[in-house]
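Step one of this worksheet: look at the structure below.
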Amino acid sequence: VYELTLKFNNVHRIAPAVFGSESHTFGFADDRRNNTVSMTWNPSSLLLALAISGSSIVLQKQGVFASPEACAASGVYCGNDQSGPNCCPSGNYCQPWNSNYYQCRPKPAQCGTPEVGIDYNGADLADLTGIKLPDECCNKCAGTSGCKAFTFINNGWDGQPHCYLKSGTGTRKKVVGAVSATVSSSRSTNTTGGHIQAQIRSGAVHSKAVNLGGWLLTEHWITWESALWNGVSRDEDHKGEYHTMQILGKEKGTAAFEQHRKTWITEADIKEIADTGVLNTVRVPVGHWIIRDATTAPGTEGDMFARGGLKYLDALINDWALKHNIAVIISLHAHQGSQNGIEHSAPVTLGNVGWSTSQTNIDNSIKFATFLAARYKNSPAFLGMALMNEPVPPVDANALRNYYIETYKQIRATGNDCILLVTPFLNDQDPDRLRGMIGAPEFTNVWNEIHAYFIWGYDGKTEEQVLAAIDQYDQSHLKSAPTNNRLFLGEWCMGGPPDSRGIFQNIDNFRELGRKQLAYYNADTTGGWAFWTWRHSDETTKRTGWSMRYLIRSGYLNLKN
């Protein structure tokens, strides 16, 4: 192979010539400041047709090596794992897609020129899955506080793309197919030097959350305006996702759920939540079938449900919550066999509670929890999981406790120290019951979760009596709670007693209902709280105590009081 350097005044034409029956191409680099063109080629003989005015030619033997093809244009082939990356136009780089195909692509706008075949080994902040391009990985890093660089590997250890966010460049290590770059700007809204999730996990900050109800686990009473329910009768629409899929069928149902998930909650909602200046966490309910998008699970009940929800959970945790500095709690709301028979647990038959009657169901729940914990272990926005939502008898109490213990052990065995929330039976949440939950010092980073609704059981009570009951609840349940685990009030609202009104009629009392609860929950929960829920279809037709965004927008709830 030879290198040809041309000193010229003007280059009119540089073209490959045909030698025998074989046509050859060559690459060149044009340095116009020095009036120099350098070229390399492989053939043993090559004829060049040159029209050069006032030029000199220097020919120097460089040695034999595998020379790359001609400098590629943007969007076309530029190399492979064997030959390595070739030259690309200015502003482009040679991106590996697989071992046999590299392509010239524009370099990421917010990052420096990528280094191809280099891994910034160490200094990891997070390993994000679901990221398909180095450009996306760059954007995630630019939107994450403390992230200074990234390494993207299109075909990782599991055959999937991986985006590694880095606090620095670490040690440069040669890894075929890797793409690494430093970040030139940061868009993170967080100015404390780290994601808010870490501060909540450490106890420096309390979680102030809102639930994303009706999104990845639908409930008709929350989402009745959604087109999802077209074709489902009023007699059938309240029985949960399993029954809804039976009615709609696999093809129609999957399409309907996909459209609903795509639109019910979007990044704009997460931004609005962050923009309150108070809310720092979302609690997102999911069902056991969500993991079937990426893995298998014991039992067959999950086969009925619509696939496709996991990508939205990925987007929430690895994109939206990162960008807007919001922590995420995943609530394992619906378990195979159903832990309460209610719509939100998606039972096969409404009212049937069968979770603890089958070891397969329990094993399914363990897989449900451990899979999600592993998937988001290194995601900066991932705070933890509520392991069970509102279990009720006839769930076996010992089976429930053993599930908590076994799931805790399996998650901790991987080095994952995320928050794990445990809850007693829905109808038995007093402090004595909480003292019987797993907890410190044997179990670390475990929070107790309870729910407070001043609705059911308050039939016939006046608004003033309900407000007085909140004072009593603070004394009996919050101030008296055990302190070995932090206390998290996972659901509360501003709905009224379950009568024909369904809401406080006196506006001053209505505002006081929110103010009083906020005051107590801010002062006397050691972990934090989560309002139920962010969005509710009732907000489109009437005043409601179930939609936090409506309450904030309408001035009924002031989070800063």
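The values are calculated or read from the model by the stated rules, or taken from the named source; none is laboratory data. Because the structure is a prediction, the values reported are computed rather than measured. Quick reminder, even Gly has a Cβ in these numbers, built from the backbone with ideal geometry, and neighbours come from all protein chains shown.
Only one of these is closer than 25 Å to Ala126 by Cα and either modelled with pLDDT under 95 or not charged (D, E, K, R) (or both): Ser233, Ser202, Ser226. Name it.
None of the others qualify; the one that does is Ser202.
Evaluate region 130-141: report whether one residue or more is in a helix (DSSP H, G or I), of a type in the set (Lys, Arg) and touching a helix residue (DSSP H, G or I) at 6+ places or on another chain (Cβ under 8 Å).
yes
Tell me whether region 160-178 contains one or more residues that are assigned to a loop (DSSP other than H, G, I, E, B) and either within 30 Å of Ala306 (Cα to Cα) or modelled with pLDDT of 95 or more (or both).
Here is the first cut: in region 160-178, the ones assigned to a loop (DSSP other than H, G, I, E, B) are 160-161, 167-170.
Okay, now just the ones that are also either within 30 Å of Ala306 (Cα to Cα) or modelled with pLDDT of 95 or more (or both), so 160-161.
Checked against the condition, which is being assigned to a loop (DSSP other than H, G, I, E, B) and either within 30 Å of Ala306 (Cα to Cα) or modelled with pLDDT of 95 or more (or both), region 160-178 yields at least one hit.
Is it true that Tyr556 is of a type in the set (Phe, Trp, Tyr) and in a helix (DSSP H, G or I)?
no
I'm checking my understanding of the structure. Among residues of region 518-536 that are free of Cβ contacts under 8 Å to residues at least 60 places away in the same chain and of a type in the set (A, V, I, L, M), which one is nearest to Ile273 (Cα to Cα)?
By that ranking, first place goes to Leu518.
Quick one: in region 412-444, of everything that is of a type in the set (A, V, I, L, M) and outside any strand (DSSP E or B), which residue is surrounded by the most Cβ atoms within 10 Å (Cβ to Cβ)?
Leu434
What do you reckon, is Gly528 under 29 Å from the mean Cα position of the chain (by Cα), over 30 Å from Cys418 (Cα atoms), modelled with pLDDT of 95 or more and small (Gly, Ala, Ser)?
no
Can Asp235 be described as within 17 Å of the chain's Cα centre (by Cα) and without any contact (Cβ under 8 Å) to a residue 40 or more places away in the chain?
Judged against the criteria, Asp235 is not a match.
The conditions are (1) in a loop (DSSP other than H, G, I, E, B); (2) touching a helix residue (DSSP H, G or I) at 6+ places or on another chain (Cβ under 6 Å), and Met245 fails exactly one of them. Which is it?
(1)
State yes or no: is Cys94 among the hydrophobic types (A, V, I, L, M, F, W, C) and either more than 28 Å from Ala321 (Cβ to Cβ) or assigned to a loop (DSSP other than H, G, I, E, B) (or both)?
Considered against the rule, which asks whether it is among the hydrophobic types (A, V, I, L, M, F, W, C) and either more than 28 Å from Ala321 (Cβ to Cβ) or assigned to a loop (DSSP other than H, G, I, E, B) (or both), Cys94 comes out as yes.
Against the definition (part of a helix (DSSP H, G or I), of a type in the set (Lys, Arg) and touching a Pro at 6+ places or on another chain (Cβ under 7 Å)), how does Arg401 come out, yes or no? Outline the logic, then answer.
Numbers: part of a helix (DSSP H, G or I): yes; of a type in the set (Lys, Arg): yes; touching a Pro at 6+ places or on another chain (Cβ under 7 Å): no.
No; evaluated as a whole, the condition is false for this residue.
Give the number of residues within region 262-277 that are over 15 Å from Asp319 (Cβ atoms) and either of a type in the set (Asp, Glu) or assigned to a helix (DSSP H, G or I) (or both).
4
So Gly156 passes all but one of these: (1) free of Cβ contacts under 8 Å to residues at least 12 places away in the same chain; (2) in a strand (DSSP E or B). Which condition number does it fail?
(2)
Can you tell me which residue among Leu316, Leu322 is touching a strand residue (DSSP E or B) at 6+ places or on another chain (Cβ under 7 Å) and among the hydrophobic types (A, V, I, L, M, F, W, C)?
The match here is Leu316.
Could you list, in sequence order, the residues of region 460-487 that are in a loop (DSSP other than H, G, I, E, B) and within 15 Å of Gln505 (Cα to Cα)?
Gly460, Lys461, Thr462
Would you confirm, using the coordinates I've provided, whether Ser365 is in contact with a His (Cβ under 6 Å, 6 or more places away or on another chain), buried (at least 16 other Cβ atoms within 10 Å of the Cβ) and outside any loop (DSSP other than H, G, I, E, B)?
Against the criterion (in contact with a His (Cβ under 6 Å, 6 or more places away or on another chain), buried (at least 16 other Cβ atoms within 10 Å of the Cβ) and outside any loop (DSSP other than H, G, I, E, B)), Ser365 qualifies.
Return the total of residues in region 498-524 being buried (at least 21 other Cβ atoms within 10 Å of the Cβ) and in a loop (DSSP other than H, G, I, E, B).
Residues in region 498-524 being buried (at least 21 other Cβ atoms within 10 Å of the Cβ) and in a loop (DSSP other than H, G, I, E, B): 1 in total.
Pull up region 527-553, narrow it to residues that are among the hydrophobic types (A, V, I, L, M, F, W, C) and not in a loop (DSSP other than H, G, I, E, B), then point me to the one that is surrounded by the fewest Cβ atoms within 10 Å (Cβ to Cβ).
Applying the filter and picking the extreme gives Ile552.
Would you point out the residue of region 303-348, among those that are at negative phi and free of Cβ contacts under 8 Å to residues at least 40 places away in the same chain, that is surrounded by the most Cβ atoms within 10 Å (Cβ to Cβ)?
Restricting to residues being at negative phi and free of Cβ contacts under 8 Å to residues at least 40 places away in the same chain, the top hit is Leu310.
Going through Gly213, Gly287, Gly277, Gly249 one at a time, which residue ends up being more than 24 Å from the chain's Cα centre (by Cα), small (Gly, Ala, Ser), outside the structural domain of Thr113 (by TED's automatic domain parsing) and modelled with pLDDT of 95 or more?
Gly249
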